[in-house]
Structure formats: C-alpha cells, structure tokens
Amino acid sequence: MVGTLTGKIAVVTGAATGLGREIALRFAQQGAQVAILGRTLSTLEKTAAEIGKQTLPIVCDISQSDQVRAAFAKVTQVFGGVDILINNAAIYTPFRLEDASDDELQSTFATNVIGAAFCIRSAIPLMRHRGNGDIVNITSESVRNPFPYLSVYASSKAALESLTQGLRTELREDKIRVSALRVGAMTGNESAAKWAPGMLDKFIAAIQASGHAAAVGAGMSPKTVADYLVRVLDLPREANVDLIELRGV
C-alpha cells in the first residue's frame, strides 16, 4: 500500500525514544525514508531495527554545529536529500532560575533553540533543491502558561515559536512550509525519570499549588500526536499550519 509520505525523506531529531520515536515509526509506516538523530548509538540502532530498513540512525548532538552538518551530509549521501524536518529534540530539565547552573541554562537554549536553528539551516538548501519542504518545530503548552520550575524551558520554546513565525515568511518563496506544533502532556513521559532525585515530587507540589495541575488534563499518547502530524504534512501545498496546540482532554 502506498502511504501519504511515500517518496519523502524525513529527518527527526530526538528520535530514539518517546514522541520522536513514534513520529519516525509513523513516517516509515507511511512510506517515508527516515533519518533518526539522537545522542546514543545503541538506543538509535535499537529503534532503527524496530522501525525497519528505511531508517537511518545518526548520532548527533544538535547543539554542535559540526555534528549537525555531518548528519545532514550523511542523510544526503544515503537518501539523496531532505523533504521534512521535525525538530523534536529538547532539554526538559526543571529548575528555578536562581538555582540554575551555567550548564543548565546554556544547554537548554543550545539544544532547544540554537540546535533547532542549526538543523533548519542545514535543511533549507536541501529542501530548496527538491522544490519544497516542511519544517515542524515541536513546542510546548508551557509557552502559553509557563509551569513552575520550567520557566527557562518555556522561554526556550517561546523563542522557537518566534523563529517559526519569522521563517514562515522568510521561506515562503522557496515553498518551504514552517509550522509549530505545541504539545501538551503525554503518557509515558521518559524525561521525568531522568530528573534529579526528589525533583518530581517538588514539581508536582508546585504545579498543584499554582493551579497548573488542574489545567494539564489527561496525557495523550505520543502515537496520537504522531498521527496528527502526518495529517498536517498531507495538507495540500496551498495550506500552511502556522501554530496548532494539541492537548489531552
């Protein structure tokens, strides 16, 4: 069966686990060749083996420009170009600004904003060469209502949304669509498991006290988000989704 993405070449960052993995899996099921980028080779290779032979695992820390250039050169060498870029990789670490280390501040913006920009910069000429393209930047519901301990994370995602808005105008003549997909809470969140001991309890207590917990709603399955993303990419080229927010009921 021919899928809606047959013949397309996609790059998904942060694709070894979680939402990135589901997006890569769904794209492959719809016929795309998919390059999955992440920091850990063993996890990437496991995910690639599960998705199928049309998947290319590439170790890449997107905050490092040389690694991003090398990754996109590899995609071009193996697959022949890029049609779709999903900027999903993100640093999602809770902390209060007054307690933040230099590394926590710098790494959040280096990955969530600058890393995404590095990937977009490499993708643009490849998409232009193929006649058009789609760039989707994954952001967060916390942009609209920043959560306690996540103000820096929220500001990085807000910056990514601003970049998205500017690039939509900048790349219109190249027929490259640029969208922001603002995502709410999801089930199976693996990021919290990596937080410092006791931080999850502090975070839950803080969002309950601030009222954010009541507004979160039930978590969505990452598969639901990935399925929706395929629908966005399948829109006629005359349409562009500027910003959509997907949240659990």
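Looking across region 60-69, the residues that are open to solvent by less than 60 Å² (accessible area, probe 1.4 Å) and in a helix (DSSP H, G or I) come down to Ser65, Val68.
Given the conditions (1) open to solvent by 30 Å² or more (accessible area, probe 1.4 Å); (2) modelled with pLDDT of 85 or more; (3) in contact with a helix residue (DSSP H, G or I) (Cβ under 7 Å, 6 or more places away or on another chain); (4) not in a helix (DSSP H, G or I), report the number of the one that Pro236 does not fulfil. Among (1) open to solvent by 30 Å² or more (accessible area, probe 1.4 Å); (2) modelled with pLDDT of 85 or more; (3) in contact with a helix residue (DSSP H, G or I) (Cβ under 7 Å, 6 or more places away or on another chain); (4) not in a helix (DSSP H, G or I), Pro236 violates only (3). The residue pairs whose first member lies in region 159-181 and is of a type in the set (Asp, Glu), whose second member is surrounded by 21 or more Cβ atoms within 10 Å (Cβ to Cβ) and not in a helix (DSSP H, G or I), and whose beta carbons are closer than 7 Å, counting only pairs six or more residues apart or on different chains, are Glu161/Thr139; Glu161/Ala180. Here Asp99 meets each of (1) within 19 Å of the chain's Cα centre (by Cα); (2) closer than 27 Å to Phe147 by Cβ with one exception, condition (1). One residue stands out in region 239-249 among those that are under 21 Å from Arg26 (Cα atoms) and among the β-branched types (Val, Ile, Thr): the one that is surrounded by the fewest Cβ atoms within 10 Å (Cβ to Cβ), namely Ile244.
Checking each residue in region 157-185 for being at pLDDT 90 or above and outside any helix (DSSP H, G or I) picks out Leu171, Lys175, Ile176, Arg177, Val178, Ser179, Ala180, Leu181, Arg182, Val183, Gly184.
Could you tell me how many of the residues in region 142-152 are touching a helix residue (DSSP H, G or I) at 6+ places or on another chain (Cβ under 8 Å), under 21 Å from Leu229 (Cβ atoms) and touching a residue at least 24 places away in the same chain (Cβ under 8 Å)?
1
When you scan region 202-233, how many residues do you find that are open to solvent by less than 80 Å² (accessible area, probe 1.4 Å) and over 14 Å from Gln30 (Cβ atoms)? Give the derivation first.
So in region 202-233, the residues open to solvent by less than 80 Å² (accessible area, probe 1.4 Å) come out as 203-207, 210-213, 215-222, 224-230, 232-233.
Okay, now just the ones that are also over 14 Å from Gln30 (Cβ atoms), so 203-207, 210-213, 215-222, 224-225.
Total meeting the criteria: 19.
Let me confirm something: among Ile124, Ile91, which residue is of a type outside the set (D, E, K, R), open to solvent by 10 Å² or more (accessible area, probe 1.4 Å) and not in a helix (DSSP H, G or I)? After applying the criteria, what remains is Ile91. Note on region 127-141: residues that are buried (at least 21 other Cβ atoms within 10 Å of the Cβ) and either part of a helix (DSSP H, G or I) or out of contact with any helix residue (DSSP H, G or I) (no Cβ under 9 Å at 6 or more places or on another chain) (or both) total 2. Pairs meeting the criteria (first residue in region 57-82 and at positive phi, second residue part of a helix (DSSP H, G or I), beta carbons under 9 Å, at least 6 apart or on different chains) are Gly80/Arg130; Gly81/Val75; Gly81/Leu126; Gly81/Met127; Gly81/His129; Gly81/Arg130.
The values are calculated or read from the model by the stated rules, or taken from the named source; none is laboratory data. No experiment lies behind these values; they were computed from the predicted model shown. FYI the Cβ positions are ideal-geometry reconstructions off the backbone, even for glycines, and counts take in every protein chain you see. Protein only, heavy atoms only, side chains kept; ligands, DNA and RNA dropped before computing areas. Shrake-Rupley method; radii C 1.70, N 1.55, O 1.52, S 1.80 Å.
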